[in-house]
Ligand code: TXA
Ligand code: MG
């Protein structure tokens, strides 16, 4: 067991977080999407420690986080679409997969041996401050035990990983609430994972529709059927709760917790993981979830809910 330090959103906290990263340690830090479990992406021992703490299958590559687009571009073969998306949507909840440049220096554990890498410049001011103070690439999957609900507060991180990681820096609640949208830019722009930026917004920037991932190659977490799963069983498109269930609502309905009473998908995304954490209590046998439209951030919400409802191993 490690002693997990709790750091505050302060100059001291940021300096300490950066020093821990430089020392090859792993720390949880807030981003605008979810809390990430961060380690130096060039340091295989640090990256291995991330996989160990999460209990994550090691074939699943990690996202590399940078303080700005110029730092990100140094690792890859940059292109026009990357430039357009970075100008319009970075910093923010968008991840781009691009071909690695020779001599990139990243640990092969981060890329899982692929010849491409997933890059993201987060918008959260505390993430930005820690990344700037550290000055290098940071691998950071969500800071939860593999397969469980992603954390949107420091308390969620502590509940899942206390004693497994070196520190948690507390930046309050995450605003977006679902992970970044992942776009592949290896061939034509392809949606690899719906997330915190709506596809419609990405298509508007590119001026062209996104291709859909065909599921044939390795990658986004779709491979792992069950993911983001609470302890209780999850039932989708429910009209009402049945025996032992609680109802997670959307829109003006009677329920135990509502993702957004006004039917706002951005608000629903913000609340998604926090509400699942709150409803997932001992004695609750199931979480029934009201139907959610498949547009805008609804695509990411339904993607995470389908994984939470998928059959478990
Ligand atoms: O919002 C987020 O993206 C959060 C916060 C912490 O930034 N991070 C996150 O990272 O969700 P992670 O590691 O849990 O998700 C990374 C996903 C994986 O499902 C992986 O399969 C995909 O990105 N990925 C990483 N590298 C890839 C690559 N070279 N090609 C295709 N997919 C890749
Ligand atoms: Mg995750």
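The values are calculated or read from the model by the stated rules, or taken from the named source; none is laboratory data. Keep in mind that what you see is a predicted model, and the values were worked out from it rather than measured. Using ideal geometry, Cβ is built from the backbone for each residue, glycine included, and neighbour counts are taken over all protein chains shown.
For the stretch 123-133, a residue qualifies if it is surrounded by fewer than 21 Cβ atoms within 10 Å (Cβ to Cβ) and either away from ligand 1 (no atom under 13 Å from the Cβ) or outside any helix (DSSP H, G or I) (or both), and the qualifying residues are 123, 125, 132, 133.
Of all residues in the stretch 210-265, those that are modelled with pLDDT of 95 or more and within 16 Å of ligand 1 (Cβ to nearest atom) total 2. Identify the residue in the stretch 146-173 that is within 13 Å of ligand 2 (Cβ to nearest atom) and part of a loop (DSSP other than H, G, I, E, B) and, among all such residues, is farthest from residue 299 (Cα to Cα). Residue satisfying both the conditions and the ranking: 146.
Every residue, every condition in (1) under 25 Å from residue 193 (Cα atoms); (2) out of contact with any helix residue (DSSP H, G or I) (no Cβ under 8 Å at 6 or more places or on another chain), yes or no:
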position: 252; (1), (2): no, yes
position: 256; (1), (2): no, no
position: 259; (1), (2): yes, no
position: 262; (1), (2): no, yes
position: 283; (1), (2): no, yes
position: 289; (1), (2): yes, no
position: 297; (1), (2): yes, no
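Screening the candidates 174, 199 for the property of being away from ligand 1 (no atom under 13 Å from the Cβ) and in contact with a helix residue (DSSP H, G or I) (Cβ under 9 Å, 6 or more places away or on another chain) yields one hit, 199.
Where helices (runs of 4 or more DSSP H) fall entirely within the stretch 4-120, those with at least 2 residues that are surrounded by fewer than 24 Cβ atoms within 10 Å (Cβ to Cβ) and within 16 Å of ligand 2 (Cβ to nearest atom) are at 44-54. On the basis of being more than 12 Å from ligand 1 (Cβ to nearest atom) and at pLDDT 95 or above, does residue 53 make the cut? Criteria met by residue 53. The set of residues from the stretch 78-114 being within 13 Å of ligand 1 (Cβ to nearest atom), modelled with pLDDT of 95 or more and touching a strand residue (DSSP E or B) at 6+ places or on another chain (Cβ under 7 Å) comprises 93, 94, 95, 96, 97, 98, 99, 100, 106. Quick check on residue 137: is it in contact (Cβ under 8 Å) with a residue 40 or more places away in the chain, touching a helix residue (DSSP H, G or I) at 6+ places or on another chain (Cβ under 9 Å) and within 15 Å of ligand 2 (Cβ to nearest atom)? Criteria not met by residue 137.
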